[in-house]
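Report on the structure given below.
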């Protein structure tokens, strides 16, 4: 059974940093692209980042480019999201997702972790 | 960036009613994918590559479309189908989602 479990969320002040983690199990982690998708309170879904199987390629929307960094440790079956220079508009639930590159869909999602950016 | 416009924003359907949700893309995409999100839970892949049902999805659901116009259809509405449905394109970066259609039970 595929499982994705996020951790590391919490309350952080604007301008500060936070690092999210996602522990994957139930599949061969190193064979899949992985992604982060977020959802602001009462809002829709926004893709945040994608990383290739080896970690050599990463993709971001303009809204987080230069501030967020996605990374992975295939030996630990773990995905990370380093978030710097956080803004109030980054407040959201962050989901770890398995990314089926090619057609570009997200076939498994974690339960999500809440990040609140506020002073 | 490809913008996805879903309609309607909200709708209510009675049990047994046929329901059609639409998603229009600002540029042509190869596929459309759909997710179901029930209140307080994570999104679930529901339909992928326009018309393929994800594992466990009842066959009263179907997806169709091409180019810039796509739809999700429920042949006969059931109580458990009340949720928000999002379309998503992965044909180009940035991958984008529609704003969602909230489907309620009448």
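Numbers for the structure displayed
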item: Breaking point among (1) more than 25 Å from residue B:96 (Cα to Cα); (2) touching a residue at least 60 places away in the same chain (Cβ under 8 Å), for residue A:76; result: (2)
item: In the range B:76-101, the residues that are in contact with a strand residue (DSSP E or B) (Cβ under 7 Å, 6 or more places away or on another chain), surrounded by fewer than 22 Cβ atoms within 10 Å (Cβ to Cβ) and more than 15 Å from residue B:44 (Cα to Cα); result: B:77, B:79, B:93, B:94, B:99
item: Matching residues in the range B:5-43 - criterion: being over 13 Å from residue B:71 (Cα atoms) and within 14 Å of chain A (Cβ to nearest Cβ); result: B:9, B:10, B:29, B:30, B:36, B:37, B:38, B:39, B:40, B:41, B:42, B:43
item: Residue tally, condition touching a helix residue (DSSP H, G or I) at 6+ places or on another chain (Cβ under 9 Å), under 13 Å from residue A:110 (Cα atoms) and surrounded by fewer than 20 Cβ atoms within 10 Å (Cβ to Cβ), over the range A:21-55; result: 1
item: Selection count where residues are assigned to a loop (DSSP other than H, G, I, E, B) and either at pLDDT below 95 or over 20 Å from residue B:87 (Cα atoms) (or both), scope the range A:42-55; result: 4
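The values are calculated or read from the model by the stated rules, or taken from the named source; none is laboratory data. Owing to the predicted nature of the structure, the values given are computational and were not obtained by experimental measurement. Methodologically, a virtual Cβ is constructed for each residue, glycine included, from the backbone with ideal geometry; neighbour enumeration extends over all protein chains shown.
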